[in-house]
Amino acid sequence: MDLLKNVVVIFFLASGCFFILVGAIGVLRFPDFYCRLHSAGKCDTLGQALILVGLILYQGLSLISVKLLFLIIFIFIANPTATHALCKAAYLSGIKPWKKE
Amino acid sequence: MFAIPIGIIIVAIFLVLYRVVTGPGVFNRALAANVIGTKTIVLIALIGFFNHRPHFLDIALVYAIINFVGTLAILKYIKTGGVE
């Protein structure tokens, strides 16, 4: 039973780390500001949620897992809102999207 | 068991740091600063579990709020030239 719990926790941690790494590479390599916003807003939030769900499973049912749940809910609300604010501020400042020539 | 995710997240932070240094314009730098802040939240929680002290979560919760408010404050300052 302990082995099964460890395998599930390692699966969640590994997939979360994969998404965070891919998101970081995306912020580096995309050609335009709006494309980088896609990577930072979506991949980053999903990777964080997966890692924190893995930590909830590791801890079991206690006060720590309730705090982790609050953290996950707050990150799901705050991170896309900050991304939307960035996009709107950049668009109103006149940054043009990238077109492929 | 928690050492490998900690290492991977530190590598990801250094990758995004390149976008802070280059990154033409202020919006790319603000985006990269927000990304570094959100990765730090997960890093604090993981380091707490790594040292068998899971009570570091309170610090991570506070830093999530600080990071969100800080990003919005930077954007408002860029747009209007004053934070009122």
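Bear in mind that the values in this text are calculations on the coordinates, not laboratory data. The model shown is predicted, which means the values in this text are computed figures rather than measured ones. A quick note on method: Cβ atoms are made from the backbone with ideal geometry, for glycine too, and the neighbour counts reach across all protein chains shown.
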When segment A:61-81 is examined, which residues are found to be within 7 Å of chain B (Cβ to nearest Cβ) and in contact (Cβ under 8 Å) with a residue 12 or more places away in the chain? A:68, A:71, A:75, A:79
Residue A:2 passes all but one of (1) in contact with a Leu (Cβ under 7 Å, 6 or more places away or on another chain); (2) within 27 Å of residue B:53 (Cβ to Cβ); which number fails? (1)
Output the residues belonging to segment A:15-36 that are at the interface with chain B (Cβ under 8 Å from one of its Cβ atoms) and out of contact with any Ser or Thr (no Cβ under 6 Å at 6 or more places or on another chain). A:16, A:17, A:20, A:21, A:24, A:25, A:28, A:33, A:36
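Determine which member of the set B:78, B:10, B:59, B:47 is among the β-branched types (Val, Ile, Thr), more than 16 Å from the chain's Cα centre (by Cα), assigned to a helix (DSSP H, G or I) and farther than 17 Å from residue A:79 by Cβ. Steps first, answer last, please.
Details: B:10 fails: more than 16 Å from the chain's Cα centre (by Cα); B:59 fails: more than 16 Å from the chain's Cα centre (by Cα); B:47 fails: more than 16 Å from the chain's Cα centre (by Cα).
On inspection, the qualifying residue turns out to be B:78.
Consider residue A:2 carefully, then state whether it is more than 10 Å from chain B (Cβ to nearest Cβ) and either buried (at least 20 other Cβ atoms within 10 Å of the Cβ) or over 22 Å from residue B:61 (Cβ atoms) (or both). Give the derivation first.
Values: more than 10 Å from chain B (Cβ to nearest Cβ): yes; either buried (at least 20 other Cβ atoms within 10 Å of the Cβ) or over 22 Å from residue B:61 (Cβ atoms) (or both): yes.
When the stated conditions are applied, residue A:2 passes them.
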Could you list, in sequence order, all residues of segment B:70-84 that are touching a residue at least 40 places away in the same chain (Cβ under 8 Å) and facing chain A (nearest Cβ under 8 Å)? B:71, B:75, B:78
Over segment A:51-60, the set of residues surrounded by fewer than 20 Cβ atoms within 10 Å (Cβ to Cβ) and facing chain B (nearest Cβ under 10 Å) is A:59
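Within segment A:69-90, track down each residue that is over 30 Å from residue B:80 (Cα atoms) and buried (at least 20 other Cβ atoms within 10 Å of the Cβ).
Listed by number, the list holds a single entry, A:71.
Scan A:4, A:46 and give me the residue that is in a helix (DSSP H, G or I) and either in contact with a helix residue (DSSP H, G or I) (Cβ under 7 Å, 6 or more places away or on another chain) or charged (D, E, K, R) (or both). Steps first, please.
Numbers: A:4 fails: either in contact with a helix residue (DSSP H, G or I) (Cβ under 7 Å, 6 or more places away or on another chain) or charged (D, E, K, R) (or both).
Among A:4, A:46, only A:46 is in a helix (DSSP H, G or I) and either in contact with a helix residue (DSSP H, G or I) (Cβ under 7 Å, 6 or more places away or on another chain) or charged (D, E, K, R) (or both).
Per-residue answers, yes or no, for (1) over 20 Å from residue A:12 (Cβ atoms); (2) of a type in the set (Val, Ile, Thr); (3) in contact with a Ser or Thr (Cβ under 8 Å, 6 or more places away or on another chain); (4) free of Cβ contacts under 8 Å to residues at least 24 places away in the same chain:
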position	(1), (2), (3), (4)
B:32	yes, no, no, yes
B:36	yes, yes, no, yes
B:39	no, no, no, no
B:42	no, yes, no, no
B:52	no, no, no, yes
B:59	yes, yes, no, yes
B:65	yes, yes, no, yes
B:68	yes, no, yes, yes
Looking at segment B:1-51, which of its residues are more than 9 Å from chain A (Cβ to nearest Cβ), surrounded by 13 or more Cβ atoms within 10 Å (Cβ to Cβ) and of a type in the set (Ser, Thr, Tyr)? B:40
